[in-house]
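To keep things clear, I will list the structure first and then write my remarks on it.
The values are calculated or read from the model by the stated rules, or taken from the named source; none is laboratory data. Only a predicted model underlies this, so the values are computations on that prediction, with no experimental measurement involved. Neighbour counts are summed over all protein chains in view; Cβ atoms, including those assigned to glycine, are modelled from backbone coordinates with ideal geometry.
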Amino acid sequence: MRGTKSGAFAGRWVVVGVAAGLVLAAGLVWRWSGQGGGLPEPLQGLDARGAVALANQWAARGEDVKTFVTPEAVHFEWPDGRQAQVPLEGETMYVAVAPYVHQTHPCQVHYISSCRAELAEVPLRVTVRGRDGRVVLQQAVTTLPNGFVELWLPRGMDLSLTIEWPDAGLVGQGRVVTGANAPTCVTDIRLARAVAPSEG
């Protein structure tokens, strides 16, 4: 009987310990409540665009915080296990595009804290069109120090993307989808010399 009581007592401690661990783990995840409640101070009051801007600042400074963007949210993860998310609300989605000339890397989810591409701080011209040919976005941009261009595009669309590097006489084209499970990182658009149409 003593062995049975001891086993039951130990079992209760195991249950209590597991429950306490789950509570602790839950307490380490901050989620946006709409009023900034529960978020760490640097993220309070930020929308998705502000959170991305902060993530870029932290990456430039070498802060030890992992940051990445999914179609649903901007994610922050600290070395001690804390996590925070700021949702991408509304009808726009974030897509980071890294055009290249010589080398690239496969990517589906853009990690602001670690993704690096070939063409850093290069002036480009970006044109985005819908399937009907309508211009969705057209602007002159400069790639970030990490070599990416950050675009905010309408959700639920299949888009064609043209990127021009006028100073080098290079151009590239690709496709971007902004669905629920779409990549937030596009690295397969190669820039090359535009081919002049042949005279016929």
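Only a single criterion out of (1) touching a residue at least 60 places away in the same chain (Cβ under 8 Å); (2) of a type in the set (Asp, Glu); (3) over 26 Å from ALA59 (Cβ atoms) is not satisfied by GLU150, namely (3). Residues in the stretch 122-145 that are part of a loop (DSSP other than H, G, I, E, B) and β-branched (Val, Ile, Thr): VAL122, THR143. Listed by first and then second residue, the pairs with beta-carbon distance under 6 Å, at least 6 apart or on different chains, first residue in the stretch 167-183 and closer than 18 Å to ARG131 by Cβ, second assigned to a strand (DSSP E or B) and charged (D, E, K, R), are VAL177/ASP158.
Of all residue pairs spaced 6 or more apart or on separate chains, those with beta-carbon atoms under 6 Å, a first member in the stretch 43-66 that is touching a residue at least 12 places away in the same chain (Cβ under 8 Å) and a second member that is in a helix (DSSP H, G or I) and of a type in the set (A, V, I, L, M, F, W, C) are VAL65/TRP58.
Residues being surrounded by fewer than 19 Cβ atoms within 10 Å (Cβ to Cβ) and assigned to a loop (DSSP other than H, G, I, E, B) are represented in the stretch 146-155 by at least one member.
One line per residue, one yes/no per condition, for (1) among the β-branched types (Val, Ile, Thr); (2) under 19 Å from the mean Cα position of the chain (by Cα); (3) modelled with pLDDT under 50:
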site	(1), (2), (3)
THR4	yes, no, yes
ALA8	no, no, yes
VAL15	yes, no, yes
GLY21	no, no, yes
GLY38	no, no, no
ALA55	no, yes, no
